[in-house]
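Structure, as structure tokens:
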Amino acid sequence: QVQLVESGGGLMQAGGSLRLSCAASGLTISSLAMGWFRQAPGKEREFVAFITRGGGNYADSVKGRFTISRDNAKNTVYLQMNSLKSEDTAVYYCAASSGVVVPTSRFGYNYWGQGTQVVVSS
């Protein structure tokens, strides 16, 4: 059974930092595309970052502030979020895909975590 479990969310003041974790079981992240998405109230789920064996990329809104990484030994993906802004407030979801064609699109991901809430106060 595949499980992705996010943790690390919480309440933070603007300008602060948080690190989200996504612990995977039932699959091996080193061979997959791993993504982070977020969904704010009343908005669609949007791409934040992805990482594959060939590299990764970020949404323009987080580029230079967020960093995605993974620890294959721990089968865990991370999202380091620095210089947080109020507009970063959302539920953050981890996702995995064995064959995503467009890694910035949520429709290509097979597996999703339950999400972790991030609230940034201004």
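The figures follow:
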{"item": "Student exercise, the range 4-69 dipole from Lys, Arg, Asp, Glu Cβ charges, in Debye to nearest 20", "result": "100"}
{"item": "At most 11 other Cβ within 10 Å, DSSP loop - chymotrypsin sites (Phe, Trp or Tyr not before Pro), the range 1-83", "result": "none"}
{"item": "Largest to smallest principal axis extent of the C-alpha atoms in the range 49-113, angstrom", "result": "33, 27, 22"}
{"item": "The chain - charge dipole about Cα centre, Lys and Arg +1 at Cβ, Asp and Glu -1, debye rounded to 20", "result": "140"}
{"item": "Net charge of neighbours whose Cβ lies under 15 Å from the Cβ of G55, counting Lys and Arg as +1 and Asp and Glu as -1", "result": "+3"}
{"item": "Computed over the range 52-122: relative contact order in percent, which uses C-alpha pairs under 8 Å that are six or more apart", "result": "26"}
{"item": "Within a Gaussian network of the chain (alpha carbon springs, distance under 10 Å), most fluctuating of K63, K43, K74", "result": "K43"}
{"item": "Residue (of G108, Q13, G55) at the positive-pole extreme of the chain, dipole from beta-carbon charges", "result": "G55"}
{"item": "Positive minus negative residues near T116 (Lys, Arg vs Asp, Glu; Cβ under 15 Å)", "result": "+1"}
{"item": "Radius 13 Å from Cβ of L84, net charge of other residues (Lys, Arg +1; Asp, Glu -1)", "result": "+2"}
{"item": "Whole-percent carbon and sulfur share, accessible surface of the chain, 1.4 Å", "result": "47"}
{"item": "Partner lysines for K43 [C-alpha distance under 21 Å; skip if fewer than 8 residues away on the same chain]", "result": "K63, K85"}
{"item": "Quarter of the Cα convex hull surface for the chain, i.e. its orientation-mean projected area (nm²)", "result": "6.9"}
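The values are calculated or read from the model by the stated rules, or taken from the named source; none is laboratory data. The shown structure was predicted, so the numbers you read here are calculated from the model rather than taken from an experiment. Here Cβ is always computed from backbone atoms with ideal geometry, including for glycine, and neighbour counts include all displayed protein chains. For accessibility, only protein heavy atoms count, side chains too; no ligands or nucleic acids. Shrake-Rupley method; radii C 1.70, N 1.55, O 1.52, S 1.80 Å.
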